[in-house]
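Data first, discussion second: the structure below is written as structure tokens.
The values are calculated or read from the model by the stated rules, or taken from the named source; none is laboratory data. None of these values were measured; they are calculated from a predicted model. A quick note on method: Cβ atoms are made from the backbone with ideal geometry, for glycine too, and the neighbour counts reach across all protein chains shown. Note: accessible area is taken over every heavy atom of the protein model, side chains too, but ligands, DNA and RNA are not part of it. Shrake-Rupley method; radii C 1.70, N 1.55, O 1.52, S 1.80 Å.
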Amino acid sequence: MGYTLAEKIWNSHVVHQQAGEPDLLYVDLHLINEVTSPQAFDGLRTAGRSVRRPELTLGMEDHNVPTTGIDRPIADPLSALQVQTLRRNCTDFGIELFHMGGIEQGIVHVVGPQLGLTQPGMTIVCGDSHTSTHGAFGALAFGIGTSEAEHVLATQTLPAQPFKTMSVTIEGDLPQGTSSKDVILALIAQIGTGGGQGYVLEYRGPAVEKMTMEARMTMCNMSIEAGARAGLIAPDQVTLDYLKGRPRAPQGQEWDTAAAYWLALATDEDAVFDAEVTLDAATITPFVTWGTNPGQGVPISGSVPSPEDFDDERDKAAAERALEYMGLKAGTPMKSVEVDTVFLGSCTNGRIEDLRIAAQVLQGRKVKAGMRMLVVPGSMKVKAQAEEEGLDEVFKAAGAEWRFAGCSMCLGMNPDQVGAGDRCASTSNRNFEGRQGQGARTHLVSPAVAAATAVRGTISTPADLN
Amino acid sequence: MQQFTTHTGTGVPLRRSNIDTDQIIPSRFLKRVSRAGFDDALFAEWRKDPDFILNTTPYQSGSILIAGSDFGIGSSREHAVWGLLDYGFRVIVSSRFADIFRGNSGKAGLLTAQVTERDVEYLWNLLEQEPATKLSVDLPNQTITTAETVINFDIDPYVKWRLTMGYDDISLTERHLEAIARHEAARPAFMPRCHV
Ligand code: SF4
């Protein structure tokens with residue numbers, strides 16, 4: 001019997017294996033940020049340990065950096081302290097760090113791929129759950145906690161429990177006007193926030209093969225919202241084309257060796273998955289969440305469900321609570337829900353293709369009076385590219401705010417927050433209570449829907465603008 | 001890491017499922033750079049409500065939390081575990097835990113005891129009717145004992161071993177430094193490196 005992609009990567013990274021213990025896995029790349037790493041470095045210092053492989057570690061200032069006035073010191077003293085602490089730790093332990101305002105800075109899950117640091121067959125970890133994004137390249141990538149980060153810093157390994165594998169096959173072609181964001185929201189609505197628990201998901205099938213790397217990243221990014229440990233897509237020609245020539249990708253003869261190795265990682269024909277799910281791409285329509293977890297979503301043409309629609313008692317109770325928090329009435333058509341804030345950005349949908357799609361919708365149109373739209377590129381490189389293409393002008397002319405790179409309103413750790421009771425259509429990945437600010441109400445959507453919603457003021461697709 | 005064998009304390013029936021780490025510790029508290037003192041941050045939003053269970057007696061001095069399924073979903077923030085520990089919780093009981101949360105708990109010495117949904121329901125009812133009753137958690141035997149009955153819980157055997165011995169992961173891994181060096185020597189040359 002053959003192996004799945006995930007199993008191949010796992011097996012080639014086991015350093016030590018013993019029955020009754022977790023496997024000890026080697027880590028090829030460890031990404032660190034200002035929020036989840038300070039206590040890990042503290043732990044190292046207390047125990048008198050050093051960083052085993054600083055050159056396999058990359059630091060990034062992304063979670064709480066401001067997206068305006070980045071030439072000035074950070075106003076919030078706590079954020080400033082976290083950024084200073086990361087700088088000191090990276091200097092003390094010899095770790096490469098991208099500072100806010102620098103051209104390589106951005107959300108680490110956007111920057112890793114764009115630099116070519118994220119490569120197939122690697123193990124990648126980060127103290128951030130959306131590390132699953134890197135799985136789009138056929139890397140086994142997952143979020144870890146701070147104690148685990150300390151463990152990786154000290155030993156470049158991680159004790160990990162083996163996982164189960166689930167294939168998620170997307171048959172057919174995606175209809176015009178839908179995106180991989182709609183696919184992943186539909187999948188999570190189908191299998192639930194716990195549906196992927198204990199699994200590594202491998203997305204495959206014709207619709208996935210046709211997706212660009214950026215679309216694949218959006219999907220892998222949100223694997224964690226289905227409860228999965230990681231999401232993966234087999235490396236193929238699309239992957240190679242994306243990586244070739246990137247600054248940190250292999251060059252010359254090493255490229256050929258690497259490419260052959262990467263393509264051989266694909267799941268063997270006779271490999272068996274522990275579970276299988278199939279989705280028909282033709283049935284996918286633009287999706288939106290109505291509740292307070294990413295599984296509470298419906299097609300945009302649908303209505304806010306009633307708690308009575310759910311058979312499971314827990315789902316019923318969760319729906320009741322969510323409707324109360326969201327200030328929504330059952331039966332309300334989603335398209336009539338009024339929104340006051342639109343956020344375009346995050347590691348889910350803050351890449352150049354996402355900005356292009358939104359700009360296309362906004363071209364020649366205006367953001368509705370009274371609406372606040374924030375456009376936050378996922379990285380400084382994305383920002384530069386967008387400006388080269390004139391996308392910033394489209395956003396500004398439409399009345400949106402054009403910002404510097406960072407996590408921003410995705411989690412509201414910097415000043416970019418949604419007001420209490422305000423309603424936001426957001427291209428990010430989490431609609432939890434208070435995620436975008438205390439009392440904030442979040443609807444997760446694709447970039448196209450975010451842009452159309454900004455124009456009409458109610459949840460909309462671009463088709464509704466004509 | 002604090003060793004864990006047995007613990008007796010007050011149970012807190014938190015009748016909610018899908019409790020995500022943004023609720024356990026809102027992101028504004030993640031700006032701290034220390035590892036201690038997160039007790040005030042725990043469930044900070046919910047605690048503003050005077051009727052929230054942790055604002056009522058005797059639950060406010062609880063040390064065993066009984067929550068609905070999919071506890072700890074969402075962000076990987078270990079602060080969620082520190083907040084629960086700092087507040088005084090030693091055990092979380094649920095029918096299902098999010099993977100990362102459970103992993104983080106095991107590292108920091110917080111016991112995640114997995115029981116059936118029926119047992120969660122039973123404990124909720126019991127604790128609501130008799131708030132003063134005490135629960136006893138026995139890790140070696142994997143049991144939760146109430147005045148009336150004994151409930152078995154599941155836990156990964158390795159995590160159980162580590163918790164009962166109070167071992168920390170890094171020292172355990174340092175026994176394998178030679179194997180790590182061997183693996184490093186055999187890594188493909190094309191694998192990327194950061195600039196140091
Ligand atoms: S953009 Fe949002 S989800 Fe992505 S890393 Fe930043 S905070 Fe996490």
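In the stretch A:152-280, Rg over Rh equals 0.99, where Rg is the alpha-carbon radius of gyration and Rh the Kirkwood radius from pairwise Cα distances.
What residue among B:Asp39, B:Asp156, B:Asp20 shows peak mean-square fluctuation when chain B is described by a Gaussian network model with Cα springs under 10 Å? Result: B:Asp156 has the largest fluctuation of those listed. Please check the stretch B:71-85 for residues whose accessible area, probe 1.4 Å, is lower by 50 Å² or more when all protein chains are in place than in their chain alone. Going by heavy-atom accessible area, the residues of the stretch B:71-85 that drop by at least 50 Å² are B:Ser76. Using the heavy atoms of the protein chains alone and a 1.4 angstrom probe, what is the accessible area of the stretch A:5-160 per residue in square angstrom? In whole numbers, the stretch A:5-160 has 25 Å² accessible per residue.
Kirkwood radius, chain A, all distinct C-alpha pairs, inverse of mean reciprocal distance: 22.4 Å. Taken about its Cα centre, the stretch B:30-85 carries a charge dipole of about 260 debye when Lys and Arg each add +1 at the Cβ and Asp and Glu each add -1 at the Cβ.
Taking a virtual spin label 7 Å from the Cα of B:Met165 along the C-beta vector, which residues in the stretch B:176-196 bring their backbone nitrogen under 15 Å of it? Hits in the stretch B:176-196 for B:Met165 at 15 Å: B:176. When +1 charges are put on Lys and Arg Cβ atoms and -1 charges on Asp and Glu Cβ atoms, the dipole computed for the stretch A:285-409 relative to its Cα centre reaches about 500 debye. Using the Cβ-Cβ distance between A:Thr278 and A:Glu324 with R0 = 41 Å, the FRET efficiency computed as 1/(1 + (r/R0)^6) comes to roughly 0.70. Just how far, in whole angstrom, is the stretch A:288-342 from the stretch B:12-79 if you go by their alpha carbon centroids? Taking the Cα centre of each part, the stretch B:12-79 and the stretch A:288-342 sit 24 Å apart.
If R0 is 51 Å, what FRET efficiency do you get for A:Ala47 and B:Ala189 from their C-beta distance, rounded to 0.05? With a Förster radius of 51 Å, E is 0.95. The distance between label points at A:Arg87 and B:Lys134 comes to 5.3 nm (points 7 Å beyond Cα on the Cα→Cβ vector). In the stretch A:287-465, Rg over Rh equals 0.98, where Rg is the alpha-carbon radius of gyration and Rh the Kirkwood radius from pairwise Cα distances.
Expressed as a whole percent, the accessible area of the stretch B:6-185 that falls on carbon and sulfur atoms is 49 (1.4 Å probe).
Remark on the stretch B:6-185: hydrodynamic radius 17.0 angstrom, per the Kirkwood mean of 1/r across alpha carbon pairs. Residues of the stretch A:287-465: accessible area per residue at 1.4 Å, in Å²? I get 34 Å² per residue for this part. For chain B, a Gaussian network of Cα nodes joined below 10 Å ranks B:Ser69, B:Ser105, B:Ser171 by mean-square fluctuation, and the top entry is B:Ser171.
Sorted largest first, the principal axis extents computed over the alpha-carbon atoms of the stretch A:5-160 equal 53, 36, 22 Å. Taking the alpha-carbon centroid of each part, what is the distance from the stretch B:119-196 to the stretch A:76-117 in angstrom? Computed from Cα coordinates, the inter-centre distance equals 32 Å.
The B and A chains share an interface that buries close to 5800 Å² of accessible area, total over both sides, probe 1.4 Å. For the pair the stretch A:197-252 and the stretch A:37-56, the centres of their Cα atoms are 30 angstrom apart.
For chain A, the carbon plus sulfur part of the accessible surface works out to 49%, probe radius 1.4 Å.
Hey, quick one: spin label on A:Glu338, modelled 7 Å out along Cα-Cβ, who in the stretch A:265-306 has an amide N within reach, i.e. under 20 Å? Counting only backbone N, you get A:290-291, A:303-304.
Its residue count N sets the reference 2.2 N^0.38 Å, and the alpha-carbon radius of gyration of the stretch B:104-143 equals 1.36 times that reference.
Which value at 222 nm does chain A reach when only helices count, each DSSP H run of 4 or more adding -39,500 (n - 2.57), with the total divided by all residues and rounded to the nearest 500 deg cm²/dmol? Mind showing how you got there, number by number?
Working: 16 runs with 152 residues, N = 466.
When only DSSP H runs of four or more count, the value is -9500 deg cm²/dmol.
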